[in-house]
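Reviewing the structure listed below.
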There are 2 protein chains.
Amino acid sequence: MAVDAFAVLAEPTRRRILDELRRSDSSVNELVEALTVSQPTMSKHLKVLREAGFVSCRTAAQQRIYRIETRPFEALDEWLKPYRELWTRHLDALERHLDNLEY
Amino acid sequence: MAVDAFAVLAEPTRRRILDELRRSDSSVNELVEALTVSQPTMSKHLKVLREAGFVSCRTAAQQRIYRIETRPFEALDEWLKPYRELWTRHLDALERHLDNLEY
DNA sequence: GCCTGATATACCTTGACAGGCATATGCCTG
DNA sequence: CAGGCATATGCCTGTCAAGGTATATCAGGC
(Lines give C-alpha, C1' and ligand atoms only; values in the text may rest on other atoms or scores of the structure.)
Protein backbone atom coordinates (compact mmCIF):
# COMPACT_ATOMS: atom_id res chain seq x y z
CA MET A 1 0.00 0.00 0.00
CA ALA A 2 1.26 3.48 -0.74
CA VAL A 3 2.57 4.65 2.60
CA ASP A 4 0.19 7.56 2.79
CA ALA A 5 -3.05 5.99 1.59
CA PHE A 6 -4.62 6.60 4.97
CA ALA A 7 -3.58 10.23 4.93
CA VAL A 8 -5.22 10.57 1.54
CA LEU A 9 -8.44 9.06 2.86
CA ALA A 10 -8.31 11.15 6.02
CA GLU A 11 -9.77 14.06 4.09
CA PRO A 12 -13.59 13.87 4.16
CA THR A 13 -13.94 15.71 0.87
CA ARG A 14 -11.69 13.18 -0.82
CA ARG A 15 -13.80 10.34 0.50
CA ARG A 16 -16.87 12.06 -0.92
CA ILE A 17 -15.12 12.36 -4.26
CA LEU A 18 -14.38 8.66 -4.27
CA ASP A 19 -17.94 7.96 -3.24
CA GLU A 20 -19.12 9.97 -6.19
CA LEU A 21 -16.71 8.38 -8.64
CA ARG A 22 -17.73 4.96 -7.43
CA ARG A 23 -21.11 5.68 -8.99
CA SER A 24 -19.81 7.00 -12.29
CA ASP A 25 -16.85 8.61 -13.98
CA SER A 26 -17.10 12.38 -13.84
CA SER A 27 -15.52 15.54 -15.13
CA VAL A 28 -14.02 18.03 -12.71
CA ASN A 29 -16.94 20.38 -13.09
CA GLU A 30 -19.47 17.65 -12.45
CA LEU A 31 -17.66 16.87 -9.22
CA VAL A 32 -17.49 20.55 -8.30
CA GLU A 33 -21.24 20.83 -8.67
CA ALA A 34 -22.00 17.56 -6.97
CA LEU A 35 -19.92 18.30 -3.90
CA THR A 36 -20.15 22.09 -3.71
CA VAL A 37 -16.47 22.87 -3.40
CA SER A 38 -14.48 25.42 -5.36
CA GLN A 39 -12.89 24.34 -8.60
CA PRO A 40 -9.28 24.87 -7.45
CA THR A 41 -9.93 22.90 -4.29
CA MET A 42 -11.39 20.09 -6.36
CA SER A 43 -8.41 20.05 -8.71
CA LYS A 44 -6.05 19.86 -5.75
CA HIS A 45 -7.88 16.96 -4.16
CA LEU A 46 -7.98 15.17 -7.48
CA LYS A 47 -4.25 15.62 -7.80
CA VAL A 48 -3.69 14.02 -4.42
CA LEU A 49 -6.00 11.15 -5.30
CA ARG A 50 -4.33 10.73 -8.67
CA GLU A 51 -0.82 10.64 -7.25
CA ALA A 52 -1.90 8.04 -4.72
CA GLY A 53 -3.42 5.94 -7.49
CA PHE A 54 -7.01 6.19 -6.28
CA VAL A 55 -8.16 7.75 -9.53
CA SER A 56 -7.02 8.08 -13.10
CA CYS A 57 -8.20 10.47 -15.77
CA ARG A 58 -8.55 10.67 -19.49
CA THR A 59 -8.82 13.75 -21.63
CA ALA A 60 -12.03 14.35 -23.51
CA ALA A 61 -11.88 17.61 -25.40
CA GLN A 62 -11.35 20.30 -22.79
CA GLN A 63 -12.61 18.06 -20.05
CA ARG A 64 -10.77 15.60 -17.87
CA ILE A 65 -12.88 12.61 -17.01
CA TYR A 66 -11.89 11.07 -13.73
CA ARG A 67 -12.33 7.44 -12.91
CA ILE A 68 -11.88 5.43 -9.75
CA GLU A 69 -9.08 2.85 -9.60
CA THR A 70 -9.30 -0.24 -7.43
CA ARG A 71 -5.64 -0.95 -6.75
CA PRO A 72 -5.26 1.17 -3.58
CA PHE A 73 -8.49 -0.26 -2.21
CA GLU A 74 -7.20 -3.74 -2.76
CA ALA A 75 -4.05 -2.75 -0.90
CA LEU A 76 -6.16 -1.40 1.94
CA ASP A 77 -8.10 -4.64 1.98
CA GLU A 78 -4.82 -6.48 2.17
CA TRP A 79 -3.65 -4.31 5.06
CA LEU A 80 -6.86 -5.07 6.87
CA LYS A 81 -6.48 -8.81 6.50
CA PRO A 82 -4.53 -9.66 9.66
CA TYR A 83 -6.87 -7.48 11.69
CA ARG A 84 -9.89 -9.09 10.12
CA GLU A 85 -8.71 -12.38 11.50
CA LEU A 86 -8.99 -10.94 14.97
CA TRP A 87 -12.74 -10.70 14.85
CA THR A 88 -13.51 -13.60 12.55
CA ARG A 89 -11.59 -15.79 14.92
CA HIS A 90 -13.75 -14.43 17.72
CA LEU A 91 -16.84 -15.17 15.71
CA ASP A 92 -15.67 -18.70 15.08
CA ALA A 93 -15.15 -19.16 18.79
CA LEU A 94 -18.60 -17.81 19.44
CA GLU A 95 -20.09 -20.19 16.93
CA ARG A 96 -18.38 -23.12 18.49
CA HIS A 97 -19.64 -21.97 21.85
CA LEU A 98 -23.20 -21.73 20.60
CA ASP A 99 -22.90 -25.10 18.92
CA ASN A 100 -21.84 -26.61 22.19
CA LEU A 101 -24.82 -25.12 23.97
CA GLU A 102 -27.11 -27.09 21.72
CA TYR A 103 -26.07 -30.38 23.29
CA MET B 1 -17.29 4.20 11.42
CA ALA B 2 -16.03 6.97 13.68
CA VAL B 3 -15.72 9.91 11.33
CA ASP B 4 -12.03 10.30 11.91
CA ALA B 5 -10.88 6.68 11.88
CA PHE B 6 -8.81 7.37 8.80
CA ALA B 7 -7.15 10.35 10.44
CA VAL B 8 -6.25 8.13 13.37
CA LEU B 9 -4.71 5.55 11.06
CA ALA B 10 -2.92 8.20 9.02
CA GLU B 11 -0.22 8.34 11.68
CA PRO B 12 2.45 5.71 10.91
CA THR B 13 3.43 5.37 14.56
CA ARG B 14 -0.15 4.58 15.48
CA ARG B 15 -0.30 1.88 12.83
CA ARG B 16 2.87 0.40 14.28
CA ILE B 17 1.28 0.44 17.71
CA LEU B 18 -1.73 -1.45 16.39
CA ASP B 19 0.58 -3.85 14.62
CA GLU B 20 2.32 -4.50 17.89
CA LEU B 21 -0.88 -4.89 19.89
CA ARG B 22 -2.23 -7.28 17.30
CA ARG B 23 0.51 -9.66 18.43
CA SER B 24 -0.07 -9.24 22.15
CA ASP B 25 -1.43 -6.92 24.79
CA SER B 26 1.28 -4.62 26.09
CA SER B 27 2.04 -2.06 28.74
CA VAL B 28 2.95 1.47 27.76
CA ASN B 29 6.60 0.89 28.53
CA GLU B 30 6.72 -2.27 26.48
CA LEU B 31 5.39 -0.30 23.54
CA VAL B 32 7.82 2.51 24.17
CA GLU B 33 10.70 0.08 24.00
CA ALA B 34 9.34 -1.88 21.07
CA LEU B 35 8.78 1.19 18.90
CA THR B 36 11.48 3.54 20.15
CA VAL B 37 9.36 6.59 20.76
CA SER B 38 9.31 8.78 23.84
CA GLN B 39 6.94 7.86 26.63
CA PRO B 40 4.80 11.03 26.40
CA THR B 41 4.46 10.56 22.66
CA MET B 42 3.35 7.00 23.23
CA SER B 43 0.78 8.04 25.82
CA LYS B 44 -0.62 10.63 23.43
CA HIS B 45 -0.96 8.17 20.58
CA LEU B 46 -2.57 5.66 22.89
CA LYS B 47 -5.05 8.29 23.97
CA VAL B 48 -6.00 8.98 20.37
CA LEU B 49 -6.36 5.28 19.67
CA ARG B 50 -8.37 4.79 22.84
CA GLU B 51 -10.78 7.61 22.08
CA ALA B 52 -11.32 6.25 18.60
CA GLY B 53 -12.03 2.81 20.05
CA PHE B 54 -9.05 1.08 18.47
CA VAL B 55 -7.67 0.02 21.83
CA SER B 56 -8.83 -0.41 25.39
CA CYS B 57 -6.80 -0.72 28.55
CA ARG B 58 -6.97 -2.30 31.94
CA THR B 59 -5.03 -1.35 35.04
CA ALA B 60 -2.56 -3.85 36.43
CA ALA B 61 -0.78 -2.42 39.46
CA GLN B 62 0.98 0.72 38.23
CA GLN B 63 0.84 -0.47 34.66
CA ARG B 64 -1.81 0.04 32.01
CA ILE B 65 -2.12 -2.94 29.74
CA TYR B 66 -3.38 -1.97 26.31
CA ARG B 67 -5.34 -4.28 24.10
CA ILE B 68 -6.54 -3.99 20.52
CA GLU B 69 -10.27 -3.71 19.82
CA THR B 70 -11.84 -4.97 16.62
CA ARG B 71 -14.87 -2.72 16.31
CA PRO B 72 -13.26 0.13 14.33
CA PHE B 73 -11.63 -2.38 12.01
CA GLU B 74 -14.98 -3.96 11.34
CA ALA B 75 -16.33 -0.51 10.55
CA LEU B 76 -13.45 0.05 8.17
CA ASP B 77 -14.17 -3.27 6.55
CA GLU B 78 -17.77 -2.19 6.18
CA TRP B 79 -16.72 1.11 4.59
CA LEU B 80 -14.59 -0.79 2.15
CA LYS B 81 -17.42 -3.07 1.08
CA PRO B 82 -18.87 -1.07 -1.82
CA TYR B 83 -15.40 -0.44 -3.17
CA ARG B 84 -14.51 -4.10 -2.86
CA GLU B 85 -17.35 -4.86 -5.20
CA LEU B 86 -15.64 -2.77 -7.84
CA TRP B 87 -12.79 -5.19 -8.23
CA THR B 88 -14.54 -8.43 -7.37
CA ARG B 89 -17.05 -7.62 -10.08
CA HIS B 90 -14.14 -7.14 -12.43
CA LEU B 91 -12.74 -10.48 -11.38
CA ASP B 92 -16.09 -12.15 -11.91
CA ALA B 93 -16.25 -10.70 -15.39
CA LEU B 94 -12.75 -11.98 -16.04
CA GLU B 95 -13.70 -15.42 -14.83
CA ARG B 96 -16.73 -15.53 -17.08
CA HIS B 97 -14.55 -14.41 -19.93
CA LEU B 98 -12.03 -17.18 -19.26
CA ASP B 99 -14.81 -19.71 -18.89
CA ASN B 100 -16.13 -18.71 -22.26
CA LEU B 101 -12.72 -19.18 -23.79
CA GLU B 102 -12.83 -22.84 -22.82
CA TYR B 103 -15.59 -23.58 -25.31
C1' DG C 1 3.13 9.38 54.84
C1' DC C 2 7.23 9.31 51.68
C1' DC C 3 9.70 7.62 47.78
C1' DT C 4 9.83 5.40 43.45
C1' DG C 5 8.20 3.67 39.20
C1' DA C 6 4.53 3.91 35.53
C1' DT C 7 1.77 6.74 33.00
C1' DA C 8 -0.74 10.96 31.79
C1' DT C 9 -1.02 15.90 30.84
C1' DA C 10 0.45 20.98 29.94
C1' DC C 11 2.78 24.04 27.32
C1' DC C 12 5.48 25.36 23.41
C1' DT C 13 7.36 25.20 18.83
C1' DT C 14 7.27 23.62 14.26
C1' DG C 15 5.65 21.74 10.01
C1' DA C 16 2.00 20.01 7.03
C1' DC C 17 -2.08 20.79 4.81
C1' DA C 18 -6.63 22.78 3.35
C1' DG C 19 -9.03 26.57 1.26
C1' DG C 20 -9.43 31.27 -1.00
C1' DC C 21 -8.16 34.17 -4.73
C1' DA C 22 -5.63 35.21 -8.69
C1' DT C 23 -3.58 33.46 -12.63
C1' DA C 24 -1.56 30.18 -15.85
C1' DT C 25 -2.17 26.38 -19.15
C1' DG C 26 -4.52 23.67 -22.56
C1' DC C 27 -7.80 22.79 -25.94
C1' DC C 28 -11.55 23.77 -29.02
C1' DT C 29 -14.18 26.89 -32.32
C1' DG C 30 -14.84 30.31 -35.29
C1' DC D 1 -4.74 33.10 -34.14
C1' DA D 2 -8.20 35.17 -30.95
C1' DG D 3 -11.43 34.25 -27.52
C1' DG D 4 -13.68 31.30 -24.38
C1' DC D 5 -14.27 27.09 -21.53
C1' DA D 6 -12.30 23.58 -18.57
C1' DT D 7 -8.78 22.59 -15.56
C1' DA D 8 -4.39 23.21 -13.16
C1' DT D 9 -1.11 25.81 -10.36
C1' DG D 10 1.03 29.59 -7.25
C1' DC D 11 0.86 32.23 -3.38
C1' DC D 12 -0.93 33.41 1.08
C1' DT D 13 -3.15 32.52 5.41
C1' DG D 14 -5.17 30.04 9.21
C1' DT D 15 -5.67 25.68 11.52
C1' DC D 16 -4.25 21.63 13.53
C1' DA D 17 -1.61 17.92 14.98
C1' DA D 18 2.95 15.86 16.38
C1' DG D 19 6.97 15.76 19.21
C1' DG D 20 10.00 17.62 22.96
C1' DT D 21 10.59 18.97 27.75
C1' DA D 22 8.84 19.62 32.12
C1' DT D 23 5.59 18.37 35.35
C1' DA D 24 1.44 16.28 37.36
C1' DT D 25 -1.11 12.08 38.83
C1' DC D 26 -1.49 7.67 40.62
C1' DA D 27 -0.42 3.14 42.71
C1' DG D 28 2.74 0.29 45.70
C1' DG D 29 6.29 -0.70 49.01
C1' DC D 30 8.82 0.62 52.87
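The values are calculated or read from the model by the stated rules, or taken from the named source; none is laboratory data. The structure presented is a predicted model; accordingly, all values stated were derived computationally and were not measured. Cβ atoms come from the backbone with ideal geometry, glycine included; neighbour counts cover every protein chain shown. We work out accessible area using only protein heavy atoms, side chains counted, and drop any ligands, DNA or RNA first. Shrake-Rupley method; radii C 1.70, N 1.55, O 1.52, S 1.80 Å.
Across the stretch B:15-63, Cα-Cα pairs more than 17 Å apart make up 26 percent of the total.
Seen from a random direction on average, the alpha-carbon convex hull of chain B projects onto 8.6 square nanometres. Pick from A:R23, A:R89, A:R71: which residue has the top mean-square fluctuation in a GNM of chain A where Cα pairs under 10 Å get a spring? With Cα springs under 10 Å in chain A, the top fluctuation among A:R23, A:R89, A:R71 is at A:R89. Relative to the isolated chain, which residues of the stretch A:1-40 have their accessible area cut by 40 Å² or more in the presence of all protein chains (1.4 Å probe, heavy atoms, no ligands or nucleic acids)? When all protein chains are present, A:F6, A:R15, A:R22 each give up 40 Å² or more of accessible surface.
Among residues other than A:S43 with Cβ under 12 Å from its Cβ, the summed charge is +4 (Lys and Arg +1, Asp and Glu -1). Calculated accessible area for the protein assembly as shown comes out at 61 Å² per residue, all protein chains present (probe 1.4 Å; ligands, DNA, RNA ignored). Leaving ligands, DNA and RNA out of it, report the carbon-plus-sulfur percent of the accessible area of the stretch B:14-55 at a 1.4 Å probe. Its accessible area is 43 percent carbon and sulfur atoms. Using a 1.4 angstrom probe on protein heavy atoms only, the contact between A and B buries about 2300 square angstrom of accessible area, both sides summed. Note on chain B: helix-only mean residue ellipticity at 222 nm, from DSSP H runs of 4+ residues weighted -39500 (n - 2.57) and normalised by residue number, equals -21500 deg cm²/dmol. Taking each residue as 0.36 nm, the span from A:D4 to A:L35 lengthens on full extension beyond its C-alpha to C-alpha distance by 8.8 nm.
Take B:R67, move 7 Å from Cα toward the beta carbon, and the resulting point lies 4.8 nm from the same point in each other copy, nearest first.
With R₀ set to 30 Å, the beta-carbon distance separating B:R67 from A:T13 gives a calculated FRET efficiency near 0.35. For the stretch A:1-51, the relative contact order is 36 percent, taking Cα pairs closer than 8 Å that sit 6 or more residues apart in sequence and dividing their mean separation by the residue count.
When the Gaussian network model of chain A links Cα atoms closer than 10 Å, the mean-square fluctuations of A:V48, A:V37, A:V28 top out at A:V37. Shape index of the protein assembly as shown: Rg/Rh, with Rg the Cα radius of gyration and Rh the Kirkwood radius from the inverse mean 1/r over Cα pairs, equals 1.07.
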